[in-house]
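First the structure, in the form of structure tokens, and then the observations on it.
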Amino acid sequence: MEKIVYYDYSAFVVLVILLLSIVLRKMTRGRRNRCFLLLVLVVMAAVIADVAAINYGKLGAGNVAGKYVAHTLYLFFHCLLPVVYFAYLITLTDTWHRVMKYPALWISCCIPMLAVTVLLITNLATGHIFYLDGQENYTRGKLFYILYVVSAIYVIIGVAYMLFYRRLFKRGKYLTLISVYPLMAVSVVIQFFFPYYIIELFANSIGVLLIFMMIQRPEDKIDTATGLSKLSAYVHDMRRMVEVEKPVKVIMVNVTNYKSLRDMLGYDATNELLLHVADDLRALNWNQHFGAELYYLGVGKFRLVAEKQHFEQVEAVANQINDMLKPDYKLNGMELNMVACVCITRYPEDINNVDALLAFGNDLDAKYFTGSVLYASEIYRPEHYNLMRDLEGIMERAFANKAFSVYYQPIYSVQEQRFNSAEALLRLHDEKYGFISPEIFIPVAERNGAIHKIGAFVLEEVCRFIASDTFRSLGIDYIEVNLSVAQCMRTNLAQEVLEILNRYHVSPSQINLEITETATSYSQNAMMENLDVLSRAGVTFSLDDFGSGYSNMRRIASLPIHIVKLDKSFISEQGNPNILIVLENTIRMIKDMNMKIVVEGVETKGLAKQFSDLQCEYIQGYYYSRPIPKDEFIQFIENAG
Ligand code: C2E
Ligand code: MG
Ligand code: MG
């Protein structure tokens, strides 16, 4: 019976399509992609050699040299396959550094393949592996079975490796990778018993196709704008690196004014800019023989991850990037005024925890910008990131442990010359970290949704206080309670607030809710609806932190606001005579709109006097009192009265 070569042809077609996809989708960059490409090429080489060998066989006598070469190459590439696949597995697990640490180990891993190579080269003289018989037909030699043994050795090593690193893979990916082995084994057995069905390489090509679809998925890993690996790949690779204890040096490049550049340039030009920067980084990486893996994480954040490179080389490249991404960086001849922070971070020397490493990179913004390369060893504060890591847990436990408490900061009424109100400010006390600032935990609570529970807690505490007899005797008109952006956007906020007020029999006029300008620029519908319902019920509103951002007066004029709270930052810029003009006019404008003013952050007698002279109604600040616990607050008001 003649050998059926069509399986090889099919394998060839599959591999050609695969290679085309790899090239067209630019999946030739990065170590993992290159190793996969090598795997495909080895299967391809085996297929071509096999087709040649079979077709030479069909020609009958003659072509001895061609037959020898084709069969030798086929056997060589066939044996090389499990070796390259094993190398691919090492690459996927990112464990080359571990293998390389033990020369005896990897040298002994290479010996079987070297032995096969030597046997195949000397085969021409010895005929131990195969020879051409009297009719010049291919015949197996007495040592042919060594090839099976060698392949089996690599299969066993590969399976053992996969079992050992099982935890590094998700179930689906793990099963795909390991399933290649039974696929190979079954095809070898079939071909052994039915030598005319040349299905081994077809099975192998199906195996690589499966890996291509399940493991090498480019859409999972490649950012379309830049062609670099994307955030999910970075997070995955960083976590992997920690799991396999691989030290790395990361050059973090954050274009800190990315959002304003995007607003200025628009979508297409921003993508062009990103591609431009990505190309520059790629070119630098290539020209300097730096060999780093490149990532683009979105919002103007690039990463270069280097492994073996010396620190001096990393510094040199970081400095070049820093010089390249200067404010005069040009796109199509236009200077962009780019502000890029470049920071070198070593794992584990500078940061030994992957979440902290990711969070640190994320936080690297304009406030760190110096114009020079930054070093994580100098600016990273582990306490902060440890706290951030633990914060969700701390907040979860805080309710049970009664770690939250509400403090009150008295607000002085200039006209009435007494403390007529107070702001409720939340405090979180943790056993390990002590007092944690609301500026730290409120944003986290907003992200994980805990803010709603926290908001309800504060309002209930305040209402319980207002409903008490002691409160009535203090003569405090109302308490200001802060609302966060996430709370304002919640559709049933108004109902929840009114329900709590009702429950404690607190009049809506005794509560003043503080909202911020950022809240007013978000989801307008839900927010306006809430303000509307609450206003009609008699709750009043303050606009908090006025002047800390870009204030939109037209927008403010359209909101049902009674009080504007001038931000501390306004006050800290007192030295500037122009600021005084702005301040005087702002105050007049607010008053003309029939709103009252609370000045926040007043720390000195001089400032208190100055703002009273400017006709501001209320003054709040350390000059009178810091935020204090309820009992102290009661004492304070009683003493003042
Ligand atoms: P905020 O609403 O603007 O609160 C005023 C902040 O200024 C408070 O900081 C207060 O302690 C501080 N402060 C008051 N007087 C002075 C002063 O004279 N000098 C200086 N340097 N600071 C002064 P705190 O308590 O750390 O709160 C920070 C922010 O956290 C608050 O800013 C508010 O946005 C938020 N926050 C606090 N409690 C709550 C809450 O219960 N719910 C919500 N959603 N946010 C809250
Ligand atoms: Mg406030
Ligand atoms: Mg404020």
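A compact table of results
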{"item": "Estimated FRET transfer efficiency when R0 is 22 angstrom, pair L183-I107 (beta carbons, to 0.05)", "result": "0.15"}
{"item": "In region 302-348, the trypsin sites (Lys or Arg not before Pro) that fall in loop regions by DSSP, at most 14 other Cβ within 10 Å", "result": "K308"}
{"item": "Whole-number percent relative contact order across the chain, with pairs defined as alpha carbons under 8 Å at least 6 apart", "result": "8"}
{"item": "Estimated distance in nm for a label pair at V244 and D469, the labels positioned 7 Å out from Cα along Cα-to-Cβ", "result": "7.2"}
{"item": "Sum of side-chain charges, Y375 neighbourhood, beta-carbon under 14 Å (Lys, Arg +1; Asp, Glu -1)", "result": "-2"}
{"item": "Distance in nm between pseudo-label sites at R536 and N319 (7 Å out along the Cβ direction from Cα)", "result": "6.8"}
{"item": "Mean Cα-pair separation over length for region 386-640, i.e. relative contact order, pairs under 8 Å, 6 or more apart, %", "result": "20"}
{"item": "222 nm mean residue ellipticity, helices alone, for the chain (DSSP H n ≥ 4; -39,500 (n - 2.57); rounded to 500)", "result": "-19000 deg cm²/dmol"}
{"item": "Entries in K453/K565; K26/K67; K330/K568; K453/K596; K605/K630 that, when Cα-Cα distance is taken, lie over 27 Å", "result": "K26/K67; K330/K568; K453/K596"}
{"item": "Three semi-axes of the equivalent ellipsoid, the chain, Cα gyration tensor, whole Å, largest first", "result": "71, 26, 22"}
{"item": "The chain, accessible surface, carbon-and-sulfur percent (1.4 angstrom probe)", "result": "59"}
{"item": "In region 87-244, lysine pairs with alpha-carbon atoms under 22 angstrom apart (chain gap of 8 or more, or interchain)", "result": "5"}
{"item": "Using alpha-carbon coordinates, inclination of helix 451-467 to the longest axis of the chain, degrees", "result": "20"}
{"item": "Inter-probe distance in nm under a simple model that places probes 7 Å from Cα toward Cβ, at K170 and I4", "result": "3.7"}
{"item": "Label-zone membership for region 206-236, site L265, 7 angstrom Cα→C-beta point, backbone N under 16 Å", "result": "224-228"}
{"item": "Degrees separating the helix 524-537 axis from the principal Cα axis of the chain, which is the longest one", "result": "30"}
{"item": "Nearest-10 value in Å² for the accessible area of L105, using the 1.4 Å probe", "result": "90"}
{"item": "Förster radius 51 Å - calculated FRET efficiency between A526 and L38 (Cβ-Cβ, nearest 0.05)", "result": "0.40"}
{"item": "Solvent accessible area, Å² - S473, 1.4 Å probe, full protein context", "result": "90"}
{"item": "Region 6-219: relative contact order in percent, alpha carbon pairs under 8 Å with at least 6 residues between", "result": "26"}
{"item": "With Cα atoms, 0 to 90° folded angle of helix 6-24 axis to the chain main axis", "result": "30"}
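The values are calculated or read from the model by the stated rules, or taken from the named source; none is laboratory data. Because the structure is predicted, anything quoted here is derived from the model rather than measured. Glycine gets a Cβ as well: all are built from the backbone with ideal geometry, and neighbour counts include every protein chain shown. Remember, those area values only see protein heavy atoms, side chains included, never the ligands or the DNA or RNA. Shrake-Rupley method; radii C 1.70, N 1.55, O 1.52, S 1.80 Å.
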